[in-house]
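*Asks:* So that we are looking at the same thing, I have put the structure below in structure tokens.
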Amino acid sequence: MPTLTERARLLFPSRAEQGEGDSARLARLLDAFLLLSGAVTAAFLVVAGSHLGAGTRLLTGVMLAALLGIAVLARRGWPRLAAILYLGGLWLFVTLSLWLSGGFRTPAASAYTVVALGAALLFGVRGTAVATAVILISSVGIAVADVRGWLPASPPPSTSAALAVFLASLLSIVGMALYATAELRRAIAGLRVEVEERRAIETRLRESESGVRSIVESSPMGIHLYRLEGPGCLVLTGSNPAGDRILGTPMGPLVGRTIEEAFPGLAGTEVPDRYRRLCAEGGSWRTEITYSDDRSRGTYEVHAFQTAPGMMAVMFLDVTVRRQTEEERRRLEEQLRQSQKMEAVGRLAGGIAHDFNNLLMVIMGHGELLRRSLDANDPRLRKVQHVMGASERAARLVRQLLAFSRKQVMASQVVDLNALVSDTARMLRPLLGEDVKVVTRLDPALGRIHVDPAQIEQVLMNLAVNARDAMPSGGTITFETADVGVPAPAGMAPARQAALSVRDTGHGMDEKTRAHAFEPFFTTKAGSGGTGLGLSTVYGIVQQSGGQIALESAPGRGSCFRILLPCAEGPGEPRETGPAAAAPPAGGETVLVVEDEPAIRALACEMLESHGYLTLRAGSGEEALGLAVRHSGPIDLLLADVVMPGLAGPALSERFAVVRPHARVLFMSGYAADDLARHGLSDDAAQFLPKPFTQDLLARRVREALDG
Ligand SMILES: Nc1ncnc2c1ncn2[C@@H]1O[C@H](COP(=O)(O)OP(=O)(O)OP(=O)(O)O)[C@@H](O)[C@H]1O
Ligand SMILES: [Mg+2]
């Protein structure tokens, strides 16, 4: 039900409330008034005409004409002017009637009510006020004039005329009231529809609000709300449960605090300023924030946006784990890429080095034979020595390449890494110079490892020389060992590893150097004769020994190489202190040399013959077997290459043993142990001669094989 004020406002709307569409309503109302007034005036003329004076009749006639004129004016599109003229005319008529008929003794005064009511209906409250004021002033004026006797003398009014006027007024009032009531009814009906509509809108609004609230409450994304309360003062106004869960702390107690108070970890970052600007100027901002304070830490994906001027919302997700996983994946991919690259380069280098090795062996072997055949004062001796010197340098390079490509022949044994490190460190001291301090920190609980000690010495030496180069004005090199357990699958004992680290206090490496350091021929010391093979050799040896190597370094912060080597089972063996320096022993036995490479075959035979042995030669396993059957004399030793087309060394030795059960066997190869294992040869140094070999080594191994 509309309230009283609403009804009053419907009856007396202000002009603003009436709006443009109300001029039609005004015209309609005016039509009704004009019709009513015309009818009443006409009735008045008919009923009271005979009693009226000439002046009054004229006035009434003029009034009828005026009513007609006003009706025309309203139709022509000036309803407002017509309404003003109508009310003004009515007022004038009443006032003149009162004046002429001797003041308020006539009931014509009641017609003022029509003026007031008309003004109310046509012009609203303001119209009523103006009309009331005008009526009041006119009434007082007439009353004063009456008292002072200024009114023209007039006969006392006729009671019936007065009654007619009164009745007419009453009728007009009743008519207007009826009309107003009808209007009011219509308005109320409209209002009811409007109220219903509003109620429906409110219900929908309430539903949508509760929908929005439940989205915010149950959203898996964290949501924080902020309001700008004064310049620079951005206040947290709310947080949803996901926000509390993600940050791991209830935000309730922090509501009402500024962003810097609620999130101290954001103070000093660009975030509060960006939020404030967003709040004030609008727009949205998507970013990733790595945050930490006493209560929460992590990486969050954040989407901030203005919700209304001066207000904003921040939606966020915890992406810490995702970022860590991505970072880990990136690292692993990088590692894989690096190892694939090293593998490819290694294969290439190994292939070249292996072929070179054979060529060098021929050059060096024949060089040596030539040198031995020359007189001490032969002028050609110097030339031969140059050839030998150059080939030895080439052989060193090839050895490094082989080490990198893990194709080096390893003489592995179980050793004590601590002893190896302290011996090498002692040996290195003079090499490193006075300015470099060498520190060793050895873990007494360190397990033994299965490596080629000479190779590990080489590793330590290369790392130490690099460290020295990185500390031109001195510093410290620290060799450290530690026993580390490596987690093993459930149910198995954790594997033990020996960790060896070599740390220096030198100038360190930048990103690019670090990325390429282990690659062969990568060097930053090109000017001072660096070959770039030091670290690649280290890398190859560690890999071949079943270990891993990692590098940590930053410019100005030194470098640290960490090597992990698997611990060996079983007791250690005493370290070989190098081959005996005695002259290589000779002999007179018969050796069958089986080698597919003719130059090497010839060289080996020539070397053996120069030591007094008799030689038989074969270019393949099959040929060797035939020879073994055909040869009438003894064959004491089979010296066979491991890798040959057709019948390979180990298979040959088995068949050979059937024909010559008493012959000894010595294998030779330029391949590394893992390749030999593939050809069925165990990793036993005693029956094995690594290529390239010198005449001395060949003689010694042949002797050992024959005597063993
Ligand atoms: N301890 C270190 N500190 C700083 N940089 C190093 C260190 N070790 C190696 N490097 C960098 O890695 C590069 C490659 O080292 P690597 O030992 O393979 O070759 P090199 O030392 O340059 O040459 P060569 O070993 O033949 O003398 C070096 O040129 C140097 O830039
Ligand atoms: Mg080096």
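Just so you know, all these numbers are worked out from the coordinates, no wet-lab data involved. The structure displayed is predicted, hence computed values, not measured ones. Heads up, the Cβs are rebuilt from the backbone with ideal geometry, glycines too, and the neighbour counts pull from every protein chain shown.
*Asks:* Please pull out the direction-averaged projected area of segment 330-393, using the convex hull of its alpha-carbon atoms, in nm² to one decimal place.
*Replies:* Here the figure is 5.3 nm², rounded to one decimal.
*Asks:* Using the crude model of +1 on Lys and Arg Cβ and -1 on Asp and Glu Cβ, and no other charge, please compute the dipole size for segment 590-707 relative to its Cα centre, in debye to 20.
*Replies:* Here segment 590-707 has a charge dipole of around 280 debye.
*Asks:* If you take the Cα Rg of segment 219-318 and divide it by 2.2 N^0.38 Å, with N the number of residues, what do you get?
*Replies:* 0.96
*Asks:* Now for a different question. I need Arg562, Arg331 ordered by Cβ neighbour count within 10 Å, fewest first.
*Replies:* Going from sparsest to densest Cβ surroundings: Arg331, Arg562.
*Asks:* Also, quick follow-up: Could the peptides 332-345, 693-706 be put in order, highest first, of the mean number of other beta-carbon atoms found within 10 Å of their residues?
*Replies:* 693-706, 332-345
*Asks:* Would you list Phe521, Phe404 from fewest to most Cβ contacts within 10 Å?
*Replies:* In increasing order of surrounding Cβ atoms, one gets Phe521, Phe404.
*Asks:* Straight distance only, please: which lysines reach the Cα of Lys383 with their own Cα at less than 27 Å, same-chain residues fewer than 8 apart left out?
*Replies:* Lys691
*Asks:* Which value, in nm² and rounded to one decimal, describes the direction-averaged projected area of the C-alpha convex hull of segment 590-707?
*Replies:* For the Cα atoms of segment 590-707, the hull's average projected area reads 6.4 nm².
*Asks:* Now for a different question. Taking the Cβ of Thr524 as the centre, find all other residues whose Cβ is under 14 Å away and add up their charges (Lys, Arg: +1; Asp, Glu: -1).
*Replies:* Net charge in that neighbourhood comes out at -1.
*Asks:* Calculate the FRET efficiency for Gln340 and Cys233 from the Cβ-Cβ distance with a Förster distance of 41 Å, rounded to the nearest 0.05.
*Replies:* Calculated value: 0.15.
*Asks:* What is the sum of charges, Lys and Arg at +1 and Asp and Glu at -1, for the other residues whose Cβ falls under 12 Å from the Cβ of Val255?
*Replies:* 0
*Asks:* Counting Lys +1, Arg +1, Asp -1, Glu -1, what net charge surrounds Leu381 among other residues with beta carbon under 11 Å of its beta carbon?
*Replies:* +3
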